[in-house]
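Nothing in this text is a laboratory measurement; each read-out follows from the coordinates by a stated rule. Since we're looking at a predicted model, the values are computed, not measured. Cβ: placed from backbone, ideal geometry, glycine included. Neighbour counts: every protein chain shown.
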Amino acid sequence: MINKLYIILVNHNGYLDTIECLESIFKQNAENIKVLLIDNSTSAVDLYELVEWSNGNRNDYVNTDFPSIVLPPVFKPIDYVSINESDLLKKEYSNDLVIVETKKNKGFAAANNIALRYIEKFGRSDDFIWLLNNDTIIESDTINRLKTELKKETRGNDKVLFGTPLLEYYDPKKIQAIGGRYNKLTGITSHLGEKMPVNSDIVTGSFSVDYPIGASMIISHSYLKKVGLMNEEYFLFYEEIDWAERAKIEGGKVQILDVLGIYHKHGKSTLSIKKKKKTDFIDLTSLRSRILFSKRYYKNYLWSVRLFILTVTILKRLISGNFNRIPKIIKLVFTT
């Protein structure tokens with residue numbers, strides 16, 4: 001049996017997306033749900049707007065491409081509490097929504113770990129945890145279907161990292177990804193099932209995946225005891241692959257649940273709004289994480305990953321005109 005489903009959302013300067021996601025979550029006809037919203041934003045604006053929404057003062061902010069799922073806005077006020085990160089572990093909160101303001105943005109893994117530590121301390125062995133991107137929305141029966149699938153996997157789930165397929169938010173008839181594969185030689189990741197039609201006969205178990213897509217991952221409470229928290233050495237990218245690798249080392253596995261209904265605005269948080277391309281920071285952070293992962297788990301292939309970056313990756317940056325990144329990439333390869 002599943003006692004409670006915790007849902008962890010990380011907000012970073014994207015309160016409009018987060019509001020849309022929260023609307024879809026609180027429309028679910030499901031019991032025993034608690035949302036932990038970690039606000040990692042660079043200013044106080046997002047926190048203010050999220051609290052205002054929780055109080056019912058921002059119903060006009062609910063913009064969506066899926067009115068049948070998200071609208072009309074749920075009844076407000078939401079049963080919520082807004083606290084600082086330092087207060088989170090002091091006691092257990094009974095509210096349906098716990099909004100946590102972080103002290104400092106230390107990256108995606110660190111933000112999720114704030115919530116995971118709370119669940120590890122106050123949760124029960126029969127609880128499950130859903131790490132869900134804030135730029136997603138979920139269909140009305142998604143949580144109940146998710147619970148149904150999890151109930152089938154009651155044995156040995158303390159070392160299983162679950163994932164779900166993701167659908168394209170802006171092209172909802174197509175699959176964004178079912179899971180991911182990792183190339184040891186290049187360190188590059190790829191998505192399986194990408195652009196497949198949703199109405200095709202999809203058997204998620206037939207896909208051999210190395211990791212679930214980080215926008216939708218589920219673990220049991222006992223997973224935290226066996227495998228541990230997310231690795232904060234990665235500021236962004238490769239956190240989910242690292243988590244999956246550690247589970248496998250412990251004798252666990254990755255499993256994709258047969259649950260459709262999660263729509264994701266892929267890449268929105270990592271693209272430059274003005275130029276619609278990766279910023280220098282995102283590009284360099286991704287390359288750093290690629291090297292760190294190879295260095296940690298596949299040292300015999302580290303030379304190949306570095307060589308690929310120094311040749312193919314640099315050539316691509318030259319072709320795209322990002323000349324200023326070249327010396328930064330070279331330095332990164334030899335110092336990471």
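Among Phe75, Phe26, what is the fewest-to-most ranking by other Cβ atoms within 10 Å?
Neighbour counts put them in this order, fewest first: Phe75, Phe26.
In the stretch 92-184, with Lys and Arg counted as +1 and Asp and Glu as -1 at Cβ, which of these residues, Phe162, Leu146, Tyr93, has the Cα nearest the positive end of the dipole, that is, farthest along it?
Phe162
Pairs of Cα atoms under 8 Å, at least six residues apart: use those to get the relative contact order of the stretch 283-336, whole percent. Mind dumping the intermediate values first?
Working: 28 pairs, mean separation 24.7, N = 54.
It comes to 46 percent, rounded to a whole number.
Do any of Lys121/Lys253; Lys27/Lys121; Lys195/Lys331; Lys91/Lys265 go past 30 Å between their Cα atoms, and which?
In this structure, Lys195/Lys331; Lys91/Lys265 exceed 30 Å between Cα atoms.
Can you compute the FRET efficiency between Lys121 and Ile249 using 1/(1 + (r/R0)^6), with r the Cβ-Cβ distance and R0 = 30 Å? Round to the nearest 0.05. Before the final figure, lay out each step's value.
Numbers: r = 25 Å, r/R0 = 0.83.
Computed FRET efficiency for Lys121 and Ile249 comes out at 0.75.
Per DSSP H run of n ≥ 4, the term is -39500 (n - 2.57); total these for the chain, divide by its residue number, and report the mean residue ellipticity at 222 nm rounded to 500 deg cm²/dmol.
-9500 deg cm²/dmol
Mind checking the angle between helix 45-55 and the chain's longest principal axis? C-alpha axes, 0 to 90 degrees, to the nearest 10.
Roughly 30 degrees between the two axes.
So what's the net charge close to Tyr93: Lys and Arg +1, Asp and Glu -1, counting the other residues with Cβ under 12 Å from its Cβ?
Net of charged neighbours comes to 0.
What FRET efficiency, computed as 1/(1 + (r/R0)^6) with R0 = 45 Å and r the Cβ-Cβ distance, is obtained for Lys328 and Leu229, rounded to the nearest 0.05?
My answer for the efficiency is 0.90.
Given a Förster radius of 41 Å and the C-beta distance between Thr42 and Thr336 as r, what FRET efficiency does 1/(1 + (r/R0)^6) yield to the nearest 0.05?
The pair Thr42/Thr336 has a calculated efficiency of 0.95.
Grab the other residues whose beta carbon is less than 13 angstrom from that of Asp141, score K and R as +1, D and E as -1, and report the net.
+1
What is the percent of Cα-Cα separations in the chain that go past 27 Å?
Numbers: 25402 of 56280 pairs.
When every Cα pair of the chain is considered, 45 percent fall beyond 27 Å.
With equal scatterers on the alpha carbons only and no solvent term, can you work out the Debye log10 of I(q)/I(0) for the stretch 1-87 at 0.12, 0.20, 0.21 1/Å?
-0.36, -0.99, -1.09
Which whole-Hz ³J(HN,Hα) couplings does the stretch 303-311 yield from phi under the Karplus relation 6.51 cos²θ - 1.76 cosθ + 1.60, θ = phi - 60°, glycine and proline marked x?
4, 5, 5, 5, 5, 4, 5, 6, 10
Search the structure for amide H atoms under 5 Å from the amide H of Leu192, placed 1.01 Å from N in the peptide plane, and list their residues when 5 or more places away or on another chain.
The answer is Ile178, Gly179, Gly180, Arg181.
Output the 0 to 90 degree angle, nearest 10, between the alpha-carbon long axis of helix 239-249 and the longest principal axis computed from the alpha carbons of the chain.
For helix 239-249, the angle is close to 90 degrees.
Picking from Pro73, Asn29, Thr189, whose Cα lies most toward the positive end of the charge dipole for the stretch 5-267 (charges on Cβ: Lys, Arg +1; Asp, Glu -1)?
Thr189
Could you give the size of the charge dipole of the stretch 1-79 about its Cα centre, using +1 on the Cβ of each K and R and -1 on the Cβ of each D and E, expressed in debye and rounded to the nearest 20?
Dipole size: approximately 300 debye.
Over the Cα atoms of the stretch 70-181, each weighted equally, I'd like the Debye log10 I(q)/I(0) at q = 0.14, 0.15, 0.21 Å⁻¹, rounded to two decimals.
-0.83, -0.95, -1.47
Give the residue from Ala244, Phe308, Val209 lying farthest towards the positive end of the charge dipole for the stretch 190-336; charges sit on Cβ (+1 for Lys and Arg, -1 for Asp and Glu) and the dipole is referred to the Cα centre.
So the residue furthest toward the plus end is Phe308.
Relative to the longest principal Cα axis of the chain, at what angle does helix 108-122 sit, 0 to 90 degrees, rounded to 10?
It is inclined by approximately 40 degrees.
What does the charge count around Arg290 come to, taking other residues whose C-beta lies under 12 Å from its C-beta (Lys +1, Arg +1, Asp -1, Glu -1)? The partial results should precede the final answer.
On the way: positive: Lys184, Arg288, Lys295, Arg296, Arg306; negative: Asp242, Asp283.
Overall, the nearby charge balance is +3.
At 0.36 nm per residue, and after removing the present C-alpha to C-alpha distance, how many nm does the segment from Asn57 to Lys76 gain when stretched out fully?
6.0 nm
When Met196, Met230 are ordered from fewest to most other Cβ atoms inside 10 Å of their Cβ, what list results?
With the fewest neighbours first, Met196, Met230 line up as Met196, Met230.
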